[in-house]
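Values in this text are rule-based calculations from the coordinates and carry no lab data. Model, not experiment: these values are computed from the prediction. All Cβ positions, even for glycine, are placed from backbone atoms using ideal geometry, and neighbour counts span all protein chains on display.
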Amino acid sequence: MRTGVVTYKLAAHAADLAKGHPVAQVRDNALSKARYEFRWKDQFNLSLDPERALEYFKAGHHEEGEYCTMCGPNFCAMRLSRDLSNCSL
């Protein structure tokens, strides 16, 4: 049942984006900003399935830090992008 509810929420959100509903885009932008700034709790709260997001986070044996478990600390695109944008050339 839970999977069905999350699937419905995902489909409804995709439809709202396709229709150009500004609130849907605001939510996506807020989630992207939270990811970029490594605000983990905000990411979970803004996700369509906060419980599952937290489960994945915990399963990755993640230590608090500025990287995600997918890329790790050496290859985190968000962290590298931020480091480069703060770098003076």
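Over 12 Å apart: what share of the alpha carbon pairs of region 15-59 falls there, rounded to a whole percent? Cα-Cα pairs of region 15-59 separated by over 12 Å account for 62 percent. Couplings 3J(HN,Hα) for region 10-23, derived from phi with the Karplus relation 6.51 cos²θ - 1.76 cosθ + 1.60 (θ = phi - 60°), are 5, 5, 5, 5, 4, 5, 4, 5, 5, 7, x, 5, x, 5 Hz, where x marks Gly and Pro. Using the Cβ of residue 25 as centre and a radius below 12 Å, the other residues enclosed give a net charge of 0, where K and R count +1 and D and E count -1. Here is the list for region 10-89: GluC sites (Glu not before Pro) lying in DSSP coil, each with at most 15 other C-beta atoms within 10 angstrom of its C-beta, are 37, 63, 64, 66.
Couplings for region 37-47, taken from phi via the Karplus curve 6.51 cos²θ - 1.76 cosθ + 1.60 with θ = phi - 60°, read 9, 6, 8, 4, 4, 5, 4, 4, 5, 8, 6 Hz in order; Gly and Pro are left as x. The dipole here belongs to the chain: it is taken about the Cα centre, uses +1 on the Cβ of Lys and Arg and -1 on the Cβ of Asp and Glu, and is about 240 debye. Its Cα gyration tensor gives region 2-85 an equivalent ellipsoid, and the semi-axes of that ellipsoid, as √(5λ) in whole Å with the largest first, are 25, 18, 9.
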